[in-house]
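Working notes for the structure below.
A short reminder: the numbers here are calculations on the coordinates, not readings from a lab. Here the structure is a predicted model, which is why all the values come from computation and not from measurement. Cβ placement follows ideal geometry from the backbone for every residue including glycine, while neighbour counts extend to all protein chains displayed.
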């Protein structure tokens with residue numbers, strides 16, 4: 001997603017761009033994930049989207065449930081929810097004119113004379129980068145697939161600036177900072193969606209246009225409404241999206257079982273939609289029936305394509321390399337725990353700051369300060385509130401305070417002094 005944010009913004013500002021996408025297909029498949037559309041995500045689409053398509057579903061209240069499913073706390077707090085696939089297809093429409101059913105109610109963006117030239121190369125795996133003084137030489141392999149064969153073709157491309165937006169397992173960050181590794185936090189997130197009409201009345205009462213939470217021992221669940229098929233935000237055609245954190249200690253038999261997919265492959269970080277083995281999924285559903293409120297256990301029973309991710313921590317010491325010709329943004333710079341609901345907003349924010357720097361509207365020092373302080377503060381906050389949620393048994397009021405703190409708008413945050421340490425040396 002971060003690469004498309006960068007591509008769309010830079011194109012709009014007249015820069016020529018090439019996106020190297022490692023996935024072997026031209027279009028990525030639905031990742032089955034809901035996204036909390038924070039202020040920077042919404043601001044990005046306000047600035048750069050030309051489709052006119054609504055990107056979010058509003059949530060008007062936050063609710064907290066007890067184990068029985070009773071509402072024990074509620075507060076008025078509007079947030080906006082979107083989905084990975086809707087954001088992706090809107091970005092592709094804006095970047096390289098990809099038409100899709102997701103544009104229903106909107107339009108295919110026009111090409112403007114001031115737009116930069118674009119190129120989208122899929123099946124591209126970066127293998128190396130070299131500093132060539134005035135530019136960066138990027139080496140990659142291009143994967144070609146036909147009916148019978150798969151081949152790899154080595155290639156290179158030179159760039160004035162290389163934007164690393166290749167996620168928390170960033171290849172480019174690994175080249176630059178090989179000692180920086182993702183570390184497992186001791187718990188996983190189990191995710192899935194259920195069509196809105198399939199929810200029971202009890203589930204719809206707390207999930208429809210609500211941001212609903214539950215905290216239990218070594219467990220947290222949040223469920224909310226997101227856009228439905230092809231990005232529709234029409235009531236009755238949307239999806240109920242659940243995000244369920246559960247502890248699975250490193251090396252435990254339960255973790256090994258959960259992370260071994262239906263083909264017998266032990267996955268390191270993620271089991272994608274459709275690949276969870278039947279046995280582990282039955283284990284998960286039984287855990288839900290025993291420990292979740294009934295409305296949330298219902299979501300696990302009814303979802304068709306759940307997926308699992310290990311929660312990890314990672315952050316690079318800086319975001320500029322090779323004489324400012326390589327920039328880390330989004331998850332490649334700092335992988336936030338999902339409790340921050342800020343990963344997508346981080347990528348959008350980093351890109352908007354980057355464009356302002358490249359256009360000469362802010363100085364380099366200000367670009368570094370904004371992006372690095374945000375990355376450091378939010379990454380630290382995610383660790384702190386995640387550990388409190390999963391490894392401490394607190395009064396629900398403390399969890400509510402954590403959630404409200406995580407929801408403070410970026411521009412209203414006061415960063416601790418340590419987040420600025422060493423920035424003048426970058």
### Summary
Here, residue 43 and residue 134, labelled 7 Å along Cα→Cβ, have an inter-label distance in nm of 3.6
### Message
Sequence gap at least 6, Cα distance under 8 Å: using those rules, report the relative contact order of the chain to the nearest whole percent.
### Response
19
### Task
Pop a pseudo-label 7 angstrom from the Cα along the beta-carbon direction at both residue 209 and residue 114 and give the gap in nm to one decimal.
3.8
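Against the empirical 2.2 N^0.38 Å scaling, what ratio does the C-alpha Rg of the stretch 126-185 come to? Present the calculation step by step, with values, prior to reporting the outcome.
On the way: Rg = 14.5 Å, N = 60, 2.2 N^0.38 = 10.4 Å.
Against the empirical 2.2 N^0.38 Å value, I get 1.39 for the stretch 126-185.
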### Message
Helix 364-391 against the longest principal axis of the chain: what's the angle in degrees, Cα atoms only, rounded to the nearest 10?
### Response
20
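Would you compute, from DSSP H runs of 4+ residues alone, the mean residue ellipticity of the chain at 222 nm, taking -39500 (n - 2.57) per run and dividing by the full residue count, rounded to the nearest 500?
Working: 11 runs with 131 residues, N = 426.
That comes out to -9500 deg cm²/dmol.
How do the peptides 373-380, 193-200, 348-355, 113-120 rank, highest first, by the average count of neighbouring beta carbon atoms within 10 Å per residue? Walk me through the numbers on the way to the answer.
Details: 373-380: 21.5, 193-200: 17.8, 348-355: 24.2, 113-120: 12.6.
Those peptides, ordered most packed to least, come out 348-355, 373-380, 193-200, 113-120.
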### Task
Report the Stokes-Einstein translational diffusion coefficient (µm² s⁻¹, integer) for the stretch 110-231, Rh taken as the Kirkwood radius over Cα pairs, at 37 °C with viscosity 0.692 mPa s.
165
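I need the peptides 131-144, 401-414 ranked by packing, meaning the mean over residues of other C-beta atoms within 10 angstrom, with the highest value on top. Spell out each step's value before the answer.
On the way: 131-144: 15.0, 401-414: 12.8.
Ranking the peptides 131-144, 401-414 by packing returns 131-144, 401-414.
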### Message
Counting just the Cα atoms, what span does the chain cover along each of its three principal axes? Round to the nearest Å and put the largest first.
### Response
63, 55, 44
### Query
Any idea what angle helix 2-12 forms with the longest principal axis of the chain, computed on alpha-carbon atoms, 0 to 90 degrees, nearest 10?
50
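In whole Å, what three semi-axes, largest first, describe the equivalent ellipsoid of the stretch 170-326 built from its Cα gyration tensor (square root of 5 times each eigenvalue)?
Values: eigenvalues 197, 89, 43 Å².
In descending order the semi-axes read 31, 21, 15 Å.
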### Query
Using the 10 angstrom Cβ neighbour count as an exposure proxy, how do 175, 190 rank, fewest first?
175, 190
### Message
Can you give me the angle between helix 84-96 and the longest principal axis of the chain, using Cα atoms only, in degrees from 0 to 90, rounded to the nearest 10?
### Response
20
### Task
Between the alpha-carbon centers of the stretch 119-193 and the stretch 87-104, tell me the distance in whole angstrom.
23
